[in-house]
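Everything below concerns the one structure shown next.
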Amino acid sequence: MGIQQAPLNLHPATWAIAGIVLILSGLVLGPSFDIGVWLGILVLGWGVWRLVSWYVPQKPENRYEHHVAHHATHTKPRHAIHYLRCGNCRSIVRSTDYYCWKCGKRLR
Ligand SMILES: [Zn+2]
C-alpha cells in the first residue's frame, strides 16, 4: 500500500488495541475526554484497515520477485567457490586459490 514508515509498520493488532484503550479511557473519563473517543475510533479504524490489508493475499508477482531476490542472494556466493582436491597431496582446496595451502603446489 506504499506506507512503509517504521511507526506505521506496527502489527495491526497494536493499532486496534490502542484504539480500544483510547475509546474505553474516553468512556471512563467522560465528556472531558471526548477527543480520546474520536481518536480511539480513528486509531481502531486504522488498525482494522491494516488488519484487513495484512491478511489479504499479496499480489503473486510481488511474492515471486521477493522469492527471486531471496534466492539470488543466497545462492550466488555458494556457486562462486568450488572445493577441489590438490593433485599432489589430495588436500581439499578452494578453486579460487592459486596454490595448495598444504604442499604449496600450483593449482592453476
Ligand atoms: Zn597439495
Scanning region 95-108 for residues that are more than 8 Å from the ligand (Cβ to nearest atom) and exposed (fewer than 13 other Cβ atoms within 10 Å of the Cβ) gives 95, 96, 98, 106, 108
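Quick one: which helices (runs of 4 or more DSSP H) lie wholly within region 1-92 and hold at least 2 residues that are modelled with pLDDT of 80 or more, not assigned by TED's automatic domain parsing to the domain that holds residue 108 and not hydrophobic (A, V, I, L, M, F, W, C)?
12-29, 34-55
The values are calculated or read from the model by the stated rules, or taken from the named source; none is laboratory data. Values in this document were obtained by computation on a predicted structure and should not be read as measured data. No Cβ is skipped: glycine too gets one built from the backbone with ideal geometry, and neighbour counts run over all protein chains shown.
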